[in-house]
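Report on the following structure.
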Amino acid sequence: MMPWWAQRGPRAWLLRPLSGLYRLLTGLDRWRYRAGLARVERLPVPVLVVGNWITGGAGKTPTLLAILALLQQWGLRAGVVSRGYGRQSQGLVVAPAPSAELGDEPLLIHRRSGAPLAVAEQRADAGRALLAAHPDLQLLICDDGLQHHALARDLSIWVFDRRGLGNGWLLPAGPLRQDREHAPLPGSRAQHLVLYSDGERSTHLPGHLAERRLLQALPLSDWWAGGKSGRALSSLAGEHWLACAGLAQPQAFFDALQAHVLVLQTLPLPDHASFETLPWPPGARVLVTEKDAVKLQPDRPGCENVWVVPLDLALDPAFAAALKSELKALLPLWTPD
């Protein structure tokens, strides 16, 4: 079922005046930086921002993880900064730390990649802390932040899924967090790459395709222990499972599982669900995402039969080549391995 903002129906038209207010407020925010009333801070290493124009679940986290894997293959030392959306802490927190302090997506990124990571209300604060702790870092990656301008960026990755631009209107009449790419603010650059995380081009913007893959499931205890191999999803066919997901788009997870002919009962939860109380009945065999797994401990009663399904993103080789070219321009002394 398509969301209501996929078209310009009655509800979208009723909210249209508020989109004008959103445009005014975001324009004023940019004007503050242009007028020098707010400072754009530049850190001593290049900054790459991975984010999306559309609200909720376009594939930003798997894209960031795939990029980190590429950088590691190329011998580049990169750290990650984030605001840690949904965390229950304040101030600066450096990984490793519990998901309540770090945020579920930052903890997932740190666990999967091993990259140094810090969260703070101001991404520049997180960046300075990482560079002080890891002076060998050559690059910082911003987890989200296309619409936040206090930290100068050198390259942006715009991530879109099959929803594209929705109805093309700004929040709240549509899903867009920005309506077009603006000229760079002082200290920032305008270079960008576009990536379509669902394997299909969904906007007018030229870009590269990527493919999301769910290949296997691991027991929760194995996943926490760093296991890399589990049961192929095809081997679960014919068995009865409950699929649970606290995502912006849980149905995308369920659809991907059902493509493997799994017999599923589905349990969608709000994005960043806390799991303070387990939502499934005792004894249920449950499949969860990694984003949810970081909030579940293997020794917790009710988690004995929980399995984790990692999501991988296969990048187009042309995207990898374009990214390498951009980074070589930013890091003239870097010699790729």
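Within segment 152-203, take every residue that is part of a strand (DSSP E or B), touching a residue at least 60 places away in the same chain (Cβ under 8 Å) and out of contact with any His (no Cβ under 9 Å at 6 or more places or on another chain) and give me the one that is nearest to Gly51 (Cα to Cα). Selected residue: Val159. For segment 43-56, state whether one or more residues are over 24 Å from the mean Cα position of the chain (by Cα) and part of a loop (DSSP other than H, G, I, E, B). Yes, segment 43-56 has at least one match.
For segment 122-151, the set of residues classified as closer than 21 Å to Gly75 by Cα and either β-branched (Val, Ile, Thr) or assigned to a strand (DSSP E or B) (or both) consists of Leu139, Leu140, Ile141, Cys142, Asp143, listed by residue number. Every condition in (1) part of a helix (DSSP H, G or I); (2) touching a residue at least 40 places away in the same chain (Cβ under 8 Å); (3) of a type outside the set (A, V, I, L, M, F, W, C) is met by Lys328 except one, and the failing one is (2). Applying the condition of being within 19 Å of Ile67 (Cα to Cα) and crowded, with 18+ Cβ neighbours inside 10 Å to segment 195-208 and asking which residue is modelled with the lowest pLDDT yields Asp198. Screening Leu146 with (1) at pLDDT 95 or above; (2) within 27 Å of Pro175 (Cα to Cα) gives one miss only, at (1).
Every condition in (1) in contact with a strand residue (DSSP E or B) (Cβ under 6 Å, 6 or more places away or on another chain); (2) within 30 Å of Leu333 (Cα to Cα); (3) among the charged types (D, E, K, R) holds for Arg231 except the one numbered (2).
Confirm whether Pro282 is more than 23 Å from Lys60 (Cα to Cα) and either surrounded by fewer than 15 Cβ atoms within 10 Å (Cβ to Cβ) or assigned by TED's automatic domain parsing to the domain that holds Gln191 (or both). Yes; evaluated as a whole, the condition is true for this residue. For segment 141-190, a residue qualifies if it is farther than 28 Å from Gly9 by Cα, surrounded by fewer than 19 Cβ atoms within 10 Å (Cβ to Cβ) and among the hydrophobic types (A, V, I, L, M, F, W, C), and the qualifying residues are Ala150, Ala183, Leu185, Ala190.
Out of Ala97, Ala120, Ala132, Ala173, I need the residue that is in contact with a strand residue (DSSP E or B) (Cβ under 8 Å, 6 or more places away or on another chain) and of a type outside the set (S, T, N, Q). Which one? Selected residue: Ala120, the only one of Ala97, Ala120, Ala132, Ala173 that is in contact with a strand residue (DSSP E or B) (Cβ under 8 Å, 6 or more places away or on another chain) and of a type outside the set (S, T, N, Q). It is to be established whether one or more residues within segment 54-69 are more than 24 Å from Ala252 (Cα to Cα) and either in contact with an Asp or Glu (Cβ under 7 Å, 6 or more places away or on another chain) or exposed (fewer than 15 other Cβ atoms within 10 Å of the Cβ) (or both). No, that holds for no residue.
The values are calculated or read from the model by the stated rules, or taken from the named source; none is laboratory data. Model, not experiment: these values are computed from the prediction. When we count neighbours, we look across all protein chains shown, and the Cβ atoms used for this are built from the backbone with ideal geometry, even at glycine.
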